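Chemist: Pasting a structure here, questions to come.
The values are calculated or read from the model by the stated rules, or taken from the named source; none is laboratory data. Owing to the predicted nature of the structure, the values given are computational and were not obtained by experimental measurement. Here the Cβ is made from the backbone with ideal geometry for all residues, glycine too, and neighbour counts use every protein chain on show. What goes into the accessible areas is simple: the full protein's heavy atoms, side chains included, and nothing from ligands, DNA or RNA. Shrake-Rupley method; radii C 1.70, N 1.55, O 1.52, S 1.80 Å.
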Amino acid sequence: MRRLRKPTAVKHEIEKLLAAAAAELPGLEGQMPRLEVERARDAKHGDYASNLAMQLAKPLRRKPRDIADEIVARLPNTGLLAGVDIAGPGFINFRLSPQAFHQELAQIIDRGEAYGSSQLGAGERVLVEFVSANPTGPLHVGHGRHAAYGACVANLLAATGHQVHREYYVNDAGRQMDILALSLWLRMQELAGVTLPFPSAGYRGAYLVEIAGDALVDAQSQKLLPFVDHWAADAPPDAPDGDADLHLDALIAALRELLGPEGFAAVLQIGLRAILGDIRDDLAEFGVAYDEWYSERSLVDGGAVDRALSRVNDSGHTYELDGATWFRATALGDEKDRVVVRDNGSTTYFASDIAYHLDKRARGFDRLVDILGADHHGYVARVRAGLEATGEPPESLEVDLVQFVVLYRGDEKVQMSTRSGEFITLRELRDEVGDDAARLFFVSRSNEQHLDFDLELAKSRTNENPVFYIQYAHARICSVMREMETRGVDWDDSRGKVSLDRLTEAHEQKLMQALVRYPEMVEQAARQRAPQHIVHYLRDLANDLHAYYNAHRFIVDDDALRDARVLLILATRQVLRNGLGLLGVSAPASM
RNA sequence: GCCCCGGUAGCUCAGCUGGAUAGAGCGUCCGCCUCCUAAGCGGAAGGUCCCAGGUUCGAAUCCUGGUCGGGGCACCA
């Protein structure tokens, strides 16, 4: 007889039992400490353990073991537990009943892809913004880490009952775009036979030559290449004799004058479309999907920046100094005040940032998750201050910083610079090591830690990448199923479910214990925004499967035993598949 | 100078909200295919959890002060 149980982590079931028992303790008067139930680290201690009695020792002024005795005596009777012990200084150890494991196995089979998901998030609307690289060139390896991490965090939030919106903020306005247009135009001229000096601060990457070549195929583009006589002759000198940025600005102004606003915008648009298209394709191939590509230009053109600035002004948090408008961020926790309108009248990037985050709030998102590079940690305080000044809750903004990827070629560090064009692109990396390996590699370390990425190691096919190990476990199970089919052995889950008491081997026990932990791993990984927990869990689970595989045969003559074992490995396959799915890694049927 | 991140086995790193004898992979050494995939399994060796104080029944974990390494501190984006 199977009791119906709501799909929730087993751990929470135990917490409920414990809470019910402890609530009746005399002398507590509602001062319950937070319940802590954790999985036992040592199998000798059972499956779960709680330190509740030790925590209560002080408020109740009694010995932990005595308190534990009383709690255990008050535990409601349930089929979930096979035994409860008191051990050590006062731990309460819980051992799950075989029925509890069997019920969980049945749930894995019944819920399938949904197993492990929960409603913890209670439908909270979360906007996860990630990558948002400037569309001035192809994505590089660092962006790959952002993409893999952001996609996983979004998946984890979705799996725990949040309404997730995945967004890429396209910085398609501002000076970087002007530099892009200039750089592209110079390459087009070059290909048309007119070589002009290339500014040192321009985008020098070969990809722009390619885009220029494609652009020239279109007859329309010829209009963008008028005869040039004295090209920017009055521009201040370039570096190293002069200031590279001043030189660049003069060239941009000259080009704008030469082509007119429409012509300049047309060049810019060619570059933007090509590069953004490349970024979209790259991410899509990498298995990273977005709900929205949000244009900064649309924000500016729609007047959102001006509206945001007037809201900040109305709040009284601004002042004028040296011709610029400053936001008094120091009053709201930032370490210095920030300019929002420059002395030349143009708004700063920070102004757009405030507008963008206000817009996110206006679109109805409860929580704004920004996944940013570690070099952005200074932005957290100022954007929060911006939200607060405009009446939005500053804690609605959560920033998860991703530390840098440091590339190595063997022992040698690879130097990278976007403008010089010397960098390893995400696409190159994907081609070399494969999407699965790259995705898993990127999230196997905490986002807060630097990631050393050795290209030689990652490229070598004899690598130590755990992705193969985990995928192999999945493929092996598929192989067993194929073998059963070949031999004409049939199987169905209802027969498996009634035979589960035949699973008595130590390897089987270990595997079941691992499977039961999956829902709480998902919760933990989601709560901590830490996909690496899933990676480590899956590796351990794969290990348990491989050990079982080596120790026992599944396709045995004993019908009931075979049915039970096959159900166990199918449940394992399901969990492997679900976990890999969260990571965006494929689960191949054969390798 | 101020701020952020880190220091755990030879190497790369896990270690949850403080919990019981600190873990994994790789590397090293020794074993295991008549068998559903050996991209596998089992075993061995390997530790001053950077240092010093503090809080606690209990600290790799929290606090303070050092130290070493990485990064950041724009009227750039």
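Chemist: Suppose the filter is under 19 Å from residue A:112 (Cα atoms), more than 13 Å from RNA strand B (Cβ to nearest atom) and not in a loop (DSSP other than H, G, I, E, B); does residue A:512 pass it?
Modeler: yes
Chemist: Among the residues of segment A:157-169, is any outside any strand (DSSP E or B) and surrounded by fewer than 21 Cβ atoms within 10 Å (Cβ to Cβ)? Talk me through it step by step, then tell me what you get.
Modeler: From segment A:157-169, those outside any strand (DSSP E or B) are A:157-162; that's our starting set.
Okay, now just the ones that are also surrounded by fewer than 21 Cβ atoms within 10 Å (Cβ to Cβ), so A:158, A:161.
The answer is yes; a qualifying residue exists.
Chemist: Residue A:144 passes all but one of (1) open to solvent by 40 Å² or more (accessible area, probe 1.4 Å); (2) of a type in the set (Gly, Ala, Ser); (3) more than 15 Å from RNA strand B (Cβ to nearest atom); which number fails?
Modeler: Failed condition: (1).
Chemist: What are the residues in segment A:74-121 that are assigned to a loop (DSSP other than H, G, I, E, B), within 15 Å of RNA strand B (Cβ to nearest atom) and surrounded by fewer than 18 Cβ atoms within 10 Å (Cβ to Cβ), if any?
Modeler: Quick first cut of segment A:74-121, residues assigned to a loop (DSSP other than H, G, I, E, B) only: A:75-80, A:88-90, A:97, A:115-121.
So of that shortlist, the ones also within 15 Å of RNA strand B (Cβ to nearest atom) come out as A:88-90, A:118, A:120.
Hits for segment A:74-121 are A:88, A:89.
Chemist: Quick check, is residue A:545 over 25 Å from residue A:161 (Cα atoms), over 29 Å from the mean Cα position of the chain (by Cα) and surrounded by 15 or more Cβ atoms within 10 Å (Cβ to Cβ)?
Modeler: On the way: over 25 Å from residue A:161 (Cα atoms): yes; over 29 Å from the mean Cα position of the chain (by Cα): no; surrounded by 15 or more Cβ atoms within 10 Å (Cβ to Cβ): yes.
Here the answer is no, as residue A:545 does not meet what is asked.
Chemist: Among the residues of segment A:191-213, write down those that are among the small types (Gly, Ala, Ser) and out of contact with any Phe, Trp or Tyr (no Cβ under 9 Å at 6 or more places or on another chain). Walk me through it before giving the result.
Modeler: Here is the first cut: in segment A:191-213, the residues among the small types (Gly, Ala, Ser) are A:192-193, A:200-202, A:205-206, A:212-213.
Within segment A:191-213, A:192, A:193, A:200, A:201, A:202, A:206, A:213 meet the criteria.
Chemist: Let me ask something else about it. Exactly one of these conditions fails for residue A:247: (1) in contact with a Phe, Trp or Tyr (Cβ under 6 Å, 6 or more places away or on another chain); (2) surrounded by 18 or more Cβ atoms within 10 Å (Cβ to Cβ); (3) not acidic (Asp, Glu). Give me its number.
Modeler: For residue A:247, the exception is condition (1).
Chemist: Anything in segment A:129-178 that is among the acidic types (Asp, Glu) and either without any contact (Cβ under 8 Å) to a residue 12 or more places away in the chain or within 18 Å of residue A:292 (Cβ to Cβ) (or both)? List them, or say none.
Modeler: Once the filter is applied, which keeps residues that are among the acidic types (Asp, Glu) and either without any contact (Cβ under 8 Å) to a residue 12 or more places away in the chain or within 18 Å of residue A:292 (Cβ to Cβ) (or both), segment A:129-178 yields A:129, A:167, A:172.
Chemist: Next question, about the same structure. Can you go through A:374, A:381, A:351 and tell me which one is within 11 Å of RNA strand B (Cβ to nearest atom), farther than 17 Å from residue A:399 by Cβ and in the same structural domain as residue A:151 (by TED's automatic domain parsing)? Full working, then the answer.
Modeler: Working: A:374 fails: farther than 17 Å from residue A:399 by Cβ; A:381 fails: farther than 17 Å from residue A:399 by Cβ.
Every option except A:351 fails the conditions.
Chemist: Conditions first: (1) open to solvent by 50 Å² or more (accessible area, probe 1.4 Å); (2) closer than 30 Å to residue A:220 by Cβ; (3) within 16 Å of RNA strand B (Cβ to nearest atom). Residue A:262 passes all but one, so which condition is the exception?
Modeler: Checking residue A:262 against (1) open to solvent by 50 Å² or more (accessible area, probe 1.4 Å); (2) closer than 30 Å to residue A:220 by Cβ; (3) within 16 Å of RNA strand B (Cβ to nearest atom), the one that fails is (3).
Chemist: For segment A:418-482, give me every one of the helices (runs of 4 or more DSSP H) that falls completely inside it and has 2 or more residues that are within 9 Å of RNA strand B (Cβ to nearest atom) and modelled with pLDDT of 75 or more. Reasoning before the result, please.
Modeler: Working: elements: A:426-433, A:435-443, A:455-459.
Correct list: empty, since no element meets the threshold.
Chemist: Determine whether residue A:539 is modelled with pLDDT of 90 or more, under 31 Å from the mean Cα position of the chain (by Cα) and under 23 Å from residue A:47 (Cα atoms).
Modeler: Working: modelled with pLDDT of 90 or more: yes; under 31 Å from the mean Cα position of the chain (by Cα): yes; under 23 Å from residue A:47 (Cα atoms): yes.
The answer is yes for residue A:539.
Chemist: Considering A:308, A:362, A:284, which residue is touching a residue at least 24 places away in the same chain (Cβ under 8 Å) and among the aliphatic types (A, V, I, L, M)?
Modeler: Testing whether each residue is touching a residue at least 24 places away in the same chain (Cβ under 8 Å) and among the aliphatic types (A, V, I, L, M) leaves just A:308.
Residues checked against (1) surrounded by 14 or more Cβ atoms within 10 Å (Cβ to Cβ); (2) out of contact with any Lys or Arg (no Cβ under 6 Å at 6 or more places or on another chain):
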| site | (1), (2) |
| --- | --- |
| A:469 | yes, yes |
| A:477 | yes, no |
| A:483 | no, yes |
| A:491 | yes, yes |
| A:496 | yes, yes |
| A:516 | yes, yes |
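Chemist: Just to verify a result, which residue in segment A:387-413, among those that are modelled with pLDDT of 85 or more and of a type in the set (Ser, Thr, Tyr), is nearest to residue A:151 (Cα to Cα)?
Modeler: Among those that are modelled with pLDDT of 85 or more and of a type in the set (Ser, Thr, Tyr), it is A:396.
Chemist: Restricting to segment A:70-106, count the residues that are charged (D, E, K, R) and in contact with a Ser or Thr (Cβ under 6 Å, 6 or more places away or on another chain).
Modeler: First pass over segment A:70-106, keeping only residues charged (D, E, K, R): A:70, A:74, A:85, A:95, A:104.
Okay, now just the ones that are also in contact with a Ser or Thr (Cβ under 6 Å, 6 or more places away or on another chain), so none.
Looking only at that region, the number is 0.
Chemist: Go through (1) among the basic types (Lys, Arg); (2) touching a helix residue (DSSP H, G or I) at 6+ places or on another chain (Cβ under 6 Å); (3) away from RNA strand B (no atom under 16 Å from the Cβ) one by one and return the number of the condition residue A:223 breaks.
Modeler: It is condition (2) that residue A:223 fails.
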